[in-house]
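Q: Dumping the structure here so I can ask a few things about it.
The values are calculated or read from the model by the stated rules, or taken from the named source; none is laboratory data. What you see is a predicted model, and the numbers here were worked out from it, not measured in a lab. We place every Cβ from the backbone using ideal geometry, glycine too, and count neighbours over all the protein chains shown. Each accessible area value is taken on the protein alone, full model and side chains, heavy atoms only, with ligands, DNA and RNA left out. Shrake-Rupley method; radii C 1.70, N 1.55, O 1.52, S 1.80 Å.
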Amino acid sequence: MSTITIAGPAGAEKVKAPPLRPQNRQLAILAVLVLIAIPLPLILPPAQGAVAVRILIFLLMAVGWNIMSGFGGMFSFGHAAYFGLGAYTSAYLLVKHNVSPWIGMVAGMAVAAAAAVVIGYFSFRYKLQGAYFALATFAFAEMLRLVVTSSAFANKAVGFTVPLIPDSSLWMLQFEADSPAYFWVALVLAGAAVAISIVFLHSRAGKYVTAIRDDELAASSLGTPVMRHKLMTVALSAAITAVAGAFYTQYYLFVNPELGFGSSVSIQAIVPVVIGGIGTIWGPVVGAIIVGALTDVTATLLRTPPEFLGFLQGRSGLDVVLYAVLLILIVRLLPKGIVGTIAARWRR
């Protein structure tokens, strides 16, 4: 705690400076974490660097989901819709019209936000809540997957392959294989997403959103524009998730209906937040690190298992099994998630 010295007749008196506001403190912590992470791709071997990039993609997805379902209390099981819209919009504009992925990313954000507002408006208009809202979002994502799979406009089940360019280009978001630039771009995007979630949570709109989450009837009776703030929340959530989809496509140079709109994408957005702590700022960060590391461990086990686990070689689905086991343990032992539980015990 910093101090200010004030001279007076009775001698020097030390007066404590006011503490940092929670928003400023969280932004300062975020800045420190980003600075610590900057040299990581220069230290890690290429394989682990790729895992670090995947963790940042998970983080983008988790932050997007947490804004809607954590801060807003609107549980979504269809965030694959927004991830896929971001991925496909960016890929289509690049492959068909040679538009920069940055412009495609912004366009994908706009498309995903518009879609979220439409599905959100009709869901809230007809009072869909809880499991019914979750099912509506899941149905929307599945509908998009089927439409894209059968649409020649979206290249059907083949998807899009991003064409390679001869030289590295930040404007075209393409670098040499294993270049640290991919990590740094993802770090900037993920850091910006976390910063947006911090500012949003502590803003007047964020306070309205959490009030609506806690008691919608009371908030409405006090004059809070419920529909407007719900739609604002789902639009912001969808836009951030679309960024993850656009960057995913550019990093892996490929997207198809299953990779973009499959139910596993929604699971990958949900699991980190549940593990880290729903409705917390740092829960998605902690959860993304755990899920990303877990994904790498399962891939290694399936590729080169030890002798006593030889039956796992070449099999798929182990990551889903481990996700399920981890979720069961978290829900049973840490129902508020890792960060939520630590915060609750710290306040005691």
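Q: Taking θ as phi - 60°, what are the ³J(HN,Hα) couplings along the stretch 209-217 by the Karplus curve (6.51, -1.76, 1.60), each to the nearest whole Hz, with x for Gly and Pro?
A: Karplus-based 3J(HN,Hα) across the stretch 209-217 equals 5, 5, 5, 5, 4, 6, 7, 5, 5 Hz.
Q: Moving to a separate point now. If packing is taken as the mean number of other Cβ atoms within 10 Å per residue, what is the order of 170-179, 250-259, 215-224, highest first?
A: Numbers: 170-179: 14.7, 250-259: 19.7, 215-224: 12.3.
Per-residue Cβ counts within 10 Å, averaged per peptide and sorted highest first, yield 250-259, 170-179, 215-224.
Q: Could you grab the relative contact order for the stretch 169-241? Cα pairs under 8 Å, six or more apart, rounded to a whole percent.
A: That works out to 18 percent.
Q: Quick one: Debye curve from the alpha-carbon atoms of the stretch 88-216 only, equal weights, vacuum; give me log10 I(q)/I(0) at q = 0.10, 0.18 Å⁻¹ to two decimals.
A: These q points yield log10 I(q)/I(0) values of -0.50, -1.19.
Q: When the helices in the chain are scored as -39500 (n - 2.57) per DSSP H run of 4 or longer and the sum is shared across all residues, what 222 nm value do you end up with, to the nearest 500 deg cm²/dmol? Spell out each step's value before the answer.
A: Working: 15 runs with 237 residues, N = 348.
For the chain, the value works out to -22500 deg cm²/dmol.
Q: Another question about this same structure. Go through the stretch 77-90 residue by residue and turn each phi into a ³J(HN,Hα) via Karplus (6.51, -1.76, 1.60, θ = phi - 60°); whole Hz please, and just put x for glycine and proline.
A: Along the stretch 77-90, the couplings run 10, x, 5, 4, 4, 6, 4, x, 5, x, 5, 6, 4, 5 Hz.
Q: Restricting things to alpha carbons, find the Rg to Rh ratio for the stretch 38-115 using the Kirkwood radius for Rh.
A: Result for the stretch 38-115 is an Rg/Rh of 1.07.
Q: Next up: Output the peptides 199-207, 284-292, 55-63, 337-345 sorted from most to least packed, where packing is the average of other Cβ atoms within 10 Å over each peptide's residues. Can you show the working numbers first?
A: On the way: 199-207: 15.6, 284-292: 24.3, 55-63: 28.0, 337-345: 17.2.
Per-residue Cβ counts within 10 Å, averaged per peptide and sorted highest first, yield 55-63, 284-292, 337-345, 199-207.
Q: Could you compute how fast the chain diffuses translationally, taking Rh as the Kirkwood radius over C-alpha pairs and applying Stokes-Einstein at 20 °C with viscosity 1.002 mPa s? Give it in µm² per second.
A: Details: Rh = 21.5 Å.
Rounded to a whole number, D works out at 100 µm²/s.
Q: 7 Å from Cα along Cα→Cβ at both Leu35 and Val99: what's the point-to-point distance in nm?
A: Between Leu35 and Val99, the simple spin-label model gives 3.8 nm.
Q: I'd like the carbon and sulfur percentage of the solvent accessible area for the stretch 47-198, probe radius 1.4 Å, heavy atoms only, ligands and nucleic acids excluded.
A: Working: 4610 of 6520 Å².
Taking all protein chains in place, the stretch 47-198 shows 71 percent carbon and sulfur surface.
Q: Counting Lys and Arg as +1 and Asp and Glu as -1, what is the net charge of the other residues whose Cβ lies under 14 Å from the Cβ of Gly277?
A: On the way: positive: Lys336, Arg345, Arg347; negative: none.
Its environment carries a net charge of +3.
Q: Given the alpha-carbon gyration tensor of the stretch 74-134, what are the semi-axes of its equivalent ellipsoid in whole angstrom, ordered largest first, with each equal to the square root of 5 times an eigenvalue? Before the final figure, lay out each step's value.
A: Values: eigenvalues 164, 21, 10 Å².
Gyration-tensor ellipsoid for the stretch 74-134: 29, 10, 7 Å.
Q: Sticking with this structure for a sec: Rounded to the nearest whole Å², what accessible area per residue is found for the chain with the 1.4 Å probe?
A: On the way: 17800 Å² over 348 residues.
Solvent-accessible surface per residue comes out at 51 Å².
Q: For Asn24 and Val320 in the same chain, what is the full-extension length gain: residue separation times 0.36 nm, less their Cα-Cα distance, in nm? Please report the intermediate quantities before stating the final value.
A: On the way: separation 296, 0.36 × 296 = 106.56 nm, distance 3.75 nm.
Net length gain for the segment: 102.8 nm.
Q: Considering all alpha-carbon pairs of the stretch 186-342, what whole percent are spaced by more than 26 angstrom?
A: 41 percent
Q: Please list, ordered by chain and number, the residues whose modelled amide H lies under 5 Å from the amide H of Phe254; skip anything fewer than 5 residues away on the same chain.
A: Val162
Q: Could you please state how large a percent of the accessible area of the stretch 257-301 is carbon and sulfur, counting protein chains only and using a 1.4 Å probe?
A: The value for the stretch 257-301 is 77 percent carbon and sulfur by accessible area.
Q: Mean separation of Cα pairs under 8 Å and 6+ residues apart, divided by the residue count of the chain: what relative contact order is that in percent? Mind dumping the intermediate values first?
A: Details: 545 pairs, mean separation 96.3, N = 348.
Relative contact order comes out at 28 percent.
Q: I've got another one for you. Near the amide H of Gln174, under 5 Å away, which other amide H atoms are found, from residues 5 or more places off or on another chain, if H is placed in the peptide plane?
A: The answer is Ser169.
Q: So which residue, out of Phe140, Phe153, Phe261, gets the largest mean-square fluctuation from a GNM of the chain using Cα contacts under 10 Å as springs?
A: Comparing Phe140, Phe153, Phe261 in the GNM, the peak value goes to Phe153.
Q: Where the centroid of each part is defined by its Cα atoms, how far is the stretch 322-348 from the stretch 102-142 in Å?
A: 28 Å
Q: Next question. Quick one: length gained pulling Gln313 to Phe254 fully straight, 0.36 nm per residue minus the C-alpha distance? Mind showing how you got there, number by number?
A: On the way: separation 59, 0.36 × 59 = 21.24 nm, distance 2.54 nm.
Result for the pair: 18.7 nm of gain on full extension.
Q: How big, in percent, is the set of alpha carbon pairs in the stretch 142-273 lying more than 23 Å apart?
A: Numbers: 4456 of 8646 pairs.
Result for the distance tail: 52 percent.
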